[in-house]
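> For reference, the structure I am asking about is given below.
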Amino acid sequence: MNLVGLDIGGTHVRVALVDEAGQVRAQAYGPTHAQRGASTSISLMIQMVRDLLSGASVPRLQGLGIGITGPVDAATGVVSNPYTLAGWPPTDIRTPFAEAFGVPVTVDNDANVAAIGEWWMGAGKGSRRLAMVTIGTGIGVATLVDGRVQRAADGRHGEAGHMVLNPAGPPCYCGANGCWEVLASGTALGREAKSRLWNEAGVLRRLAGGVPDRVDSRLLFEAAAEGDEPARALIDECADWIGLGLVNLGSTFMPDRFVMAGGLARHLETLRHRIEAVLQRHSVMVPYDRPLAAASLGEGAGPVGAARLALDAAMASHTDV
């Protein structure tokens, strides 16, 4: 069975041709061109898929799945995200692809789709209740039961990154104070490093070349690796907040596995000791007995997960015939 999965971000789009066993047969990568408007951007993505199919000599496609950044209505296929997809009004992303390829097209939030990819072929394989936490610019959470995304009654996607962990904490763009995202994301780590460590005559200032705006979470981990104690202490503090957020997820959703993705997942082994110490400390009512793993598919999780959505839709369509 020939399936196509797309992972559409604000800057780039990834496309993969995947078979029913989850194996990637061909893939492509290119700019989203969001600034050129929804119609032009979608047309260019459709051409990317056509070129991929042509290059792989695929005579017929059985299904197509899309993971896309921002709020998206999985039932209607309408994405409403003028922030990441600048210049796009609320847009039906499903219909143009369905008309172009004549196959069932499924659409979902990119975090959900990446979680499906990890559940199907990655670090979440074999899990029945999976919580995937993506920690990068922000914090996004997708929860799956037997590979099915858990949603609100009206189909919306939850925003666990905006759980309030410290009401006295920094303000978040959502209007609250002390959200998980504003305490433990890569952005938060870079912000705190700049505001709290810059005036110290330490490694961080040297790594940034004396330019404060160059300070980010990546440089902070580099400074810690060189033995900078203030950098190490700030990373430990962030790990504690990550752990506390996982405590809340563990107590409410009760996953059998946590998968961590995003930029900070590359540093999981540095963070693991502190995170797991927090989980153990809060395990009286809900024992901490679930693995914490780094996502293994990397940027391929989105297209593979989107292809799995396409497979499920194609199988359902076949069953209904």
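> Name every residue in region 260-272 that is within 17 Å of the chain's Cα centre (by Cα) and open to solvent by 30 Å² or more (accessible area, probe 1.4 Å), in order of residue number.
Filtering region 260-272 down to residues within 17 Å of the chain's Cα centre (by Cα) leaves 260-268.
If the condition is that a residue be within 17 Å of the chain's Cα centre (by Cα) and open to solvent by 30 Å² or more (accessible area, probe 1.4 Å), then GLY262, ARG266, HIS267 are the ones that fit.
> Go through region 74-99 and count every residue that is over 20 Å from the mean Cα position of the chain (by Cα), closer than 26 Å to ALA314 by Cα and crowded, with 18+ Cβ neighbours inside 10 Å.
Count: 4.
> If you go through region 197-215 one residue at a time, do you hit one that is within 17 Å of LEU271 (Cβ to Cβ) and either in contact with a Pro (Cβ under 8 Å, 6 or more places away or on another chain) or not in a helix (DSSP H, G or I) (or both)?
Within region 197-215, the subset within 17 Å of LEU271 (Cβ to Cβ) is none.
Taking every residue of region 197-215 in turn, none turns out to be within 17 Å of LEU271 (Cβ to Cβ) and either in contact with a Pro (Cβ under 8 Å, 6 or more places away or on another chain) or not in a helix (DSSP H, G or I) (or both).
> Moving on. Among the residues that make up region 147-162, is at least one of them in contact (Cβ under 8 Å) with a residue 12 or more places away in the chain, of a type in the set (A, V, I, L, M), crowded, with 18+ Cβ neighbours inside 10 Å and assigned to a strand (DSSP E or B)?
There is at least one residue in region 147-162 that is in contact (Cβ under 8 Å) with a residue 12 or more places away in the chain, of a type in the set (A, V, I, L, M), crowded, with 18+ Cβ neighbours inside 10 Å and assigned to a strand (DSSP E or B).
> Look at region 127-169 and say how many of its residues are modelled with pLDDT under 90, touching a Lys or Arg at 6+ places or on another chain (Cβ under 7 Å) and among the acidic types (Asp, Glu).
So the count comes out to 0.
> While we're on this one: Can you tell me which residues in region 24-68 are basic (Lys, Arg) and over 21 Å from GLU99 (Cα atoms)?
Applying the first criterion (basic (Lys, Arg)) to region 24-68 yields 25, 36, 50, 60.
Matches in region 24-68: ARG25, ARG36.
> Answer yes or no as to whether ALA188 is modelled with pLDDT of 90 or more, open to solvent by less than 20 Å² (accessible area, probe 1.4 Å) and of a type in the set (A, V, I, L, M, F, W, C). Reasoning before the result, please.
Working: modelled with pLDDT of 90 or more: yes; open to solvent by less than 20 Å² (accessible area, probe 1.4 Å): yes; of a type in the set (A, V, I, L, M, F, W, C): yes.
Against the criterion (modelled with pLDDT of 90 or more, open to solvent by less than 20 Å² (accessible area, probe 1.4 Å) and of a type in the set (A, V, I, L, M, F, W, C)), ALA188 qualifies.
> Which fully enclosed helices (runs of 4 or more DSSP H) of region 225-321 have 1 or more residues being within 29 Å of GLN27 (Cα to Cα) and in contact (Cβ under 8 Å) with a residue 60 or more places away in the chain?
On the way: elements: 229-252, 268-281, 301-320.
Answer list for region 225-321: 301-320.
> Any idea which of (1) surrounded by 21 or more Cβ atoms within 10 Å (Cβ to Cβ); (2) in contact with a strand residue (DSSP E or B) (Cβ under 7 Å, 6 or more places away or on another chain); (3) of a type outside the set (Asp, Glu) is the one LEU249 doesn't satisfy?
Evaluating LEU249 over (1) surrounded by 21 or more Cβ atoms within 10 Å (Cβ to Cβ); (2) in contact with a strand residue (DSSP E or B) (Cβ under 7 Å, 6 or more places away or on another chain); (3) of a type outside the set (Asp, Glu) leaves (1) as the failure.
> Among what's in region 294-308 and is touching a Lys or Arg at 6+ places or on another chain (Cβ under 7 Å) and at pLDDT 90 or above, pick the residue that is nearest to THR69 (Cα to Cα). So that I can check it myself, show each step before the final result.
Here is the first cut: in region 294-308, the residues touching a Lys or Arg at 6+ places or on another chain (Cβ under 7 Å) are 299, 302-303.
If we keep only those that are at pLDDT 90 or above as well, we get 302-303.
Details: GLY302: 11, PRO303: 13 Å.
Checked region 294-308; the qualifying residue nearest to THR69 (Cα to Cα) is GLY302.
> If you don't mind, there's one more thing I want to ask. Residues of region 273-288 being more than 20 Å from LEU234 (Cα to Cα) and open to solvent by less than 50 Å² (accessible area, probe 1.4 Å), which ones?
SER283, VAL286, TYR288
> Hey, another quick one. State all residues of region 107-130 that are touching a residue at least 12 places away in the same chain (Cβ under 8 Å), within 18 Å of the chain's Cα centre (by Cα) and open to solvent by 10 Å² or more (accessible area, probe 1.4 Å); if no residue qualifies, say none.
Scanning region 107-130 gives ASN109, ASP110, ALA111, ALA114, TRP119, TRP120, MET121, GLY122, ALA123, ARG129.
> As an exercise: evaluate ARG257 against (1) more than 18 Å from ILE235 (Cβ to Cβ); (2) surrounded by fewer than 17 Cβ atoms within 10 Å (Cβ to Cβ); (3) not hydrophobic (A, V, I, L, M, F, W, C) and give the number of the one condition it does not meet.
(2)
> Let me ask something else about it. Give the residue that is nearest to the chain's Cα centre (by Cα), with candidates limited to residues of region 166-182 that are closer than 17 Å to GLU237 by Cβ and open to solvent by less than 30 Å² (accessible area, probe 1.4 Å).
So, considering only residues that are closer than 17 Å to GLU237 by Cβ and open to solvent by less than 30 Å² (accessible area, probe 1.4 Å), the one nearest to the chain's Cα centre (by Cα) is GLU181.
The values are calculated or read from the model by the stated rules, or taken from the named source; none is laboratory data. Note that the structure is predicted; figures quoted are calculated from it, not measured. Please note: Cβ atoms are built from the backbone with ideal geometry, for glycine as well, and neighbour counts cover all protein chains shown. Only protein heavy atoms, including side chains, enter the accessible area calculation; ligands, DNA and RNA are left aside. Shrake-Rupley method; radii C 1.70, N 1.55, O 1.52, S 1.80 Å.
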